[in-house]
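Written out below as structure tokens is the structure these notes cover.
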Number of protein chains: 2
Amino acid sequence: MLVRTRNPLNIGAAARAMSNFGALDLHLVTPYEKAFREAVSAVGAAPLLANAKEFNSVEEAVGDCSLVIGATAIGNRELQHELYPLDEAGKKIRKKLAGGRVAILFGSEKTGLSNRDLSHCHWLLRIPTRAEHRSMNLAQSVAIVVYELSRGGSDAMPGAKNKLSSAAADMETLNRINEALREALDLSGYIHRRSAANAEEKLRRMLLRFDLRAADAEVLLGMLRKILWKLKSD
Amino acid sequence: MLVRTRNPLNIGAAARAMSNFGALDLHLVTPYEKAFREAVSAVGAAPLLANAKEFNSVEEAVGDCSLVIGATAIGNRELQHELYPLDEAGKKIRKKLAGGRVAILFGSEKTGLSNRDLSHCHWLLRIPTRAEHRSMNLAQSVAIVVYELSRGGSDAMPGAKNKLSSAAADMETLNRINEALREALDLSGYIHRRSAANAEEKLRRMLLRFDLRAADAEVLLGMLRKILWKLKSD
């Protein structure tokens with residue numbers, strides 16, 4: 001998933017790499033340039049680009065995913081998320097792909113992923129570059145990540161969407177839980193008005209750490225709605 | 001080593017990827033465009049490009065190498081050489097790098113490596129793409145190969161893996177959460193009297209599945225108490 005990409009050539013080049021390795025589902029969040037579908041750097045990637053989906057927010061774009069990962073070039077400054085080098089991240093992702101969809105977020109060429117983007121991520125991955133030269137080309141980063149994910153088998157790549165009984169909760173359900181919880185905390189006075197936006201991000205990060213299963217998420221949402229209903233009715 | 005590259009942007013992009021992964025020695029064989037040293041796609045790769053060496057033939061360019069490998073997109077049609085997928089090739093190359101220099105040849109964007117180029121190669125490597133879309137971007141191929149070669153290097157990933165302090169929540173806190181949640185659900189009518197005992201067990205199992213960290217557990221408990229206080233006060 002490409003977030004706020006500036007250069008349409010990079011979209012085309014990333015699409016080509018994804019197509020090379022069978023990661024056929026490209027989501028774009030508010031690209032600056034809408035003409036990306038004809039990107040000249042996308043030799044052979046026309047079918048993938050034709051099927052690419054555009055979204056106005058990361059939240060919408062990850063709605064059907066049960067695992068969301070941010071790709072970052074930063075070292076160990078970002079302490080709010082666990083950070084894995086790509087080879088370890090690849091193992092974790094391949095396991096998860098058996099039970100649901102996984103999104104990997106790549107930020108803009110200039111600024112990477114924002115704190116708000118990161119608040120949608122379960123954890124982060126880093127491609128292990130030299131410390132002296134960390135800034136990678138966007139499409140090359142995508143190429144290396146999809147190459148790593150394609151390691152060890154054809155069934156490893158996205159597309160195999162057979163849900164297990166212990167399938168992870170999808171992001172849409174988590175967002176509903178987040179909303180309900182935030183409203184309940186609001187009504188009960190836990191959240192002060194001035195820190196509301198901040199609270200939303202913090203809650204989302206916490207919910208992601210819970211690593212909810214789909215069934216548990218539904219139960220939790222039901223509970224919160226009932227509590228909310230009671231809070232409102234009194 | 002890039003052989004007869006046509007697009008100087010590709011030289012710059014390949015140089016950037018090499019620099020990212022510490023492969024600092026770029027050899028160019030008769031590039032079409034001599035202006036590559038200022039390639040705009042080469043963010044951060046200026047030192048590497050400044051040191052790049054130009055040669056008139058593959059033979060000269062591989063002179064000081066003890067192993068020469070050709071990168072190819074072809075399948076198993078090329079029978080004159082052994083062909084290894086990149087992960088196997090990477091292992092063989094890393095072993096050899098301890099005792100001498102290794103060259104990896106990348107052909108031109110249009111035609112790849114010629115039979116004459118291949119005649120200098122000990123064996124070939126292939127990046128395992130989908131059979132339906134084998135044509136890769138040149139610089140992306142270089143990026144993936146140098147990434148693979150940097151695998152398992154001790155200094156490749158300095159201090160990158162910083163796990164969060166992730167002490168698990170203790171059972172006492174979990175029990176308090178359980179109690180608060182059960183009371184809230186009771187007050188809001190979620191739990192029917194007759195199934196109360198059953199509900200407590202289910203809640204506890206669910207909370208254990210959340211695998212809460214100590215810090216998150218405290219936050220959650222604080223939220224629930226606030227909600228509970230509000231439920232009772234109305």
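Brief remarks on what is shown
- Tally, over region B:105-147, of residues that are within 14 Å of another protein chain (Cβ to nearest Cβ) and of a type in the set (Asp, Glu): 2
- Test for A:Arg101: is it over 27 Å from A:Ala196 (Cβ atoms) and over 13 Å from the mean Cα position of the chain (by Cα): no
- Options B:Arg130, B:Arg134: the member that is part of a loop (DSSP other than H, G, I, E, B), free of Cβ contacts under 8 Å to residues at least 40 places away in the same chain and surrounded by fewer than 17 Cβ atoms within 10 Å (Cβ to Cβ): B:Arg130
- Considering residues of region A:206-217 that are hydrophobic (A, V, I, L, M, F, W, C) and assigned to a helix (DSSP H, G or I) only, the residue nearest to B:Glu218 (Cα to Cα): A:Met206
- Some residue of region A:100-120 being under 24 Å from A:Asp170 (Cβ atoms) and of a type in the set (Ser, Thr, Tyr): yes
- Residue ID - modelled with the highest pLDDT, chosen from residues in region B:215-234 that are under 19 Å from A:Leu174 (Cβ atoms) and more than 9 Å from chain A (Cβ to nearest Cβ): B:Leu224
- Where a residue in region A:43-58 is closer than 23 Å to A:Asp117 by Cβ and its partner, wherever it lies, is in a helix (DSSP H, G or I), with Cβ under 6 Å and at least six apart: A:Leu48/A:Ala15; A:Leu48/A:Ser19; A:Leu49/A:Ala15; A:Leu49/A:Arg37; A:Phe55/A:Ala61; A:Val58/A:Asp117
- When region A:28-46 is filtered for residues that are farther than 15 Å from B:His133 by Cα, modelled with pLDDT of 75 or more and surrounded by fewer than 20 Cβ atoms within 10 Å (Cβ to Cβ), only A:Thr30 remains.
- Beta carbons closer than 7 Å, at least 6 apart along the sequence or on distinct chains, pair a first residue in region B:194-214 that is within 10 Å of B:Asn178 (Cβ to Cβ) and within 8 Å of chain A (Cβ to nearest Cβ) with a second that is in a helix (DSSP H, G or I) and among the acidic types (Asp, Glu) for B:Met206/A:Asp216.
- Each residue in region A:47-91 was checked for being crowded, with 16+ Cβ neighbours inside 10 Å, at pLDDT below 85 and over 15 Å from the mean Cα position of the chain (by Cα), and 1 pass.
- Hits in region A:175-184 - residues which are closer than 15 Å to A:Arg213 by Cα and either in contact with a Phe, Trp or Tyr (Cβ under 9 Å, 6 or more places away or on another chain) or surrounded by fewer than 20 Cβ atoms within 10 Å (Cβ to Cβ) (or both): A:Asn175, A:Arg176
- For region A:165-205, a residue qualifies if it is in contact with a strand residue (DSSP E or B) (Cβ under 9 Å, 6 or more places away or on another chain) and part of a helix (DSSP H, G or I), and exactly one does: A:Met171.
The values are calculated or read from the model by the stated rules, or taken from the named source; none is laboratory data. Values in this document were obtained by computation on a predicted structure and should not be read as measured data. Cβ atoms come from the backbone with ideal geometry, glycine included; neighbour counts cover every protein chain shown.
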